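So the structure is just underneath, and the comments pick up after that.
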Amino acid sequence: MNKQTKIVASQSPTPASCSSERRGSVLVAVLAIVLLLSFIITRFIDEAVEDLEYLSIFNEPSDVRSFTYSMLEVALATVNEVALIDKGKLYAPEQGWLDPINYAGIEIPNGWEVQVHIQDESGKLPINTMDETALNQLLEESFDFEFGTARELSSMLLDWIDPDEIRRLNGAESEDYLRRNPPYRAANAPLQSLNELRLIEIWEEEFFDQKGRPNDRFAQLENMVSVINSGAVNLNTSTEPVLELLALQNEFDENRIFDGLQDLPYLIKTPGSINAQKCSVEVQLLRVTVSVLRGRVPFTISALLEPIPDKESTSSSNTPGRSSADEPKTGVGREQDAIKYPFNILQVSEYTKGQPNSPPARYSALDIGGENN
């Protein structure tokens, strides 16, 4: 009995070893706490820096916002200077106005990223002014919709944008949309954005997914039509699908439209066999988008411009829903004349979190938005 007791006693830990184990456990715990605190402090610093960078867009407008407007001025000056070579006419990007930063030899400061995108809105089909026949041709030929579906889509769209509440055979008006949850009325006005199509019956199913996000058909539509342009389509800047549809509607061969060009890679005169009211060769509406990124601070300006054909021209607009009496909230007509801009500035939009894919078309000459919708 005594021997067993002695053996057990000899196997029990000594006070010194227990103390060593406790010190080791405390050390591990301290290291874990230090590691956790380091992670928390690092995360806090990163978030604080991001907040400071974002707030700098408001606290230092001359550092980001004004620089963005300066790049817009560079773009306007470049487009105008290049146009003067062709007697003030704008026909196509091949004139050399597509890359104003390189053209002007601007050196971008370290830590800044600048992108300038210039697009001819008049190179797209005017969806707000297309009649039922033209819409059906677009939907059947370019999107391969069946006869019945194409007519449903065209009727729904025309009911949405026409000013009355008279329902077409395959259409829908406010009384139909008021039955939805939540209820809303038909716009009875031109589309302000292509994203508005998600509110229209049939369109919401064919051009958006179940979560209301644009699908591949929507992307194709966005490349072909414009809610801004309501006039003739510029043949020089039209994409191949647009040219094919214009050829079908106006009975010309899109493969031979540019035949015979020698000195210039673009048309300077509408071919005599083509309806000049539906097709043109000049830029009517220009969208200039300037995006500046400093660190993680983004700022974007999107300006809609109308080239002024001559000094005697008065301000006018092809923008749906806009009258000649409208004036921008910044830079009214007389101020633009004093600056001698070669354009009528129809709309300026500012975005502090990226830019919308489809900028609004009417109601506001100065839009200040936060982020994509």
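Where a number appears in this text, it was derived from the coordinates with a stated rule and is not lab data. Just so you know, these numbers come straight off a predicted model, no measurement behind them. Counting neighbours? That spans all protein chains shown, and the Cβs are built from the backbone with ideal geometry, glycine included.
For residue 99 and residue 175, what is the calculated FRET efficiency with R₀ set at 51 Å and r taken between the beta-carbons, to the nearest 0.05?
Efficiency for this residue pair is about 0.50.
Using 0.36 nm per residue of separation minus the Cα-Cα distance, give me the extension gain between residue 240 and residue 189 in nm, one decimal.
Extra length from residue 240 to residue 189 when fully extended: 15.4 nm.
Could you derive backbone 3J(HN,Hα) for segment 171-179 from the dihedral phi with the Karplus parameters 6.51, -1.76 and 1.60 (θ = phi - 60°), listing whole Hz in sequence and x where the residue is Gly or Pro?
x, 7, 10, 4, 4, 6, 6, 6, 7
Just need log10 I(q)/I(0) for segment 128-226 at q = 0.12, 0.19, 0.20, 0.25 Å⁻¹, Debye formula, equal scatterers on the alpha-carbon atoms, no solvent, rounded to two decimals.
-0.35, -0.93, -1.04, -1.61
Enumerate the residues in segment 274-289 having an amide nitrogen under 16 Å from the point lying 7 Å beyond the Cα of residue 106 toward its Cβ.
Backbone N within reach: 287-289.
Please report, in whole Å, how far the alpha carbons of segment 76-200 spread along each principal axis, starting with the longest.
For segment 76-200, the Cα extents along the three principal axes come out at 57, 34, 27 Å.
Can you work out the FRET efficiency for the pair residue 137 and residue 66, with r the C-beta to C-beta distance and R0 = 41 Å, to the nearest 0.05?
According to the calculation, E is roughly 0.30.
In segment 125-245, if the dipole is taken from +1 on Lys/Arg beta carbons and -1 on Asp/Glu beta carbons about the Cα centre, which of 232, 192, 156 is farthest to the positive end?
So the residue furthest toward the plus end is 192.
Give me the dipole magnitude in Debye, nearest 20, for segment 59-197 about the Cα centre, with unit charges on the beta carbon: positive for Lys and Arg, negative for Asp and Glu.
Rounded to the nearest 20 debye, it is 240 debye.
Test of understanding: what is the full-extension gain from residue 43 to residue 204, defined as 0.36 nm times their sequence separation minus their Cα-Cα distance?
The residue 43-residue 204 span can extend by a further 53.8 nm.
Please report 89, 124 as a ranked list, fewest other C-beta atoms within 10 angstrom at the top and most at the bottom.
89, 124
Taking neighbour Cβ counts within 10 Å as the exposure measure, how do 79, 225 sort from fewest upward?
Least to most surrounded, the residues fall as 225, 79.
Assuming 0.36 nm per residue, please report the length gained on full extension of the stretch residue 29 to residue 129 beyond their Cα-Cα distance.
28.8 nm
Place the peptides 102-110, 240-248 in order of packing, highest mean first, counting for every residue the other Cβ atoms within 10 Å and averaging per peptide.
240-248, 102-110
Quick one: Karplus J couplings for segment 63-69, per residue in order, coefficients 6.51, -1.76, 1.60, θ = phi - 60°, nearest Hz, x for Gly and Pro?
Ordered by residue, 3J(HN,Hα) equals 8, 10, 4, 5, 5, 5, 5 Hz.
Got a sec? How would 299, 39, 143 order by Cβ neighbour count within 10 Å, fewest to most?
Fewest to most other Cβ atoms nearby, the residues stand as 39, 143, 299.
In nanometres, what is the gap between the two model label sites at residue 146 and residue 250, each 7 Å from Cα along Cα-to-Cβ?
3.4 nm
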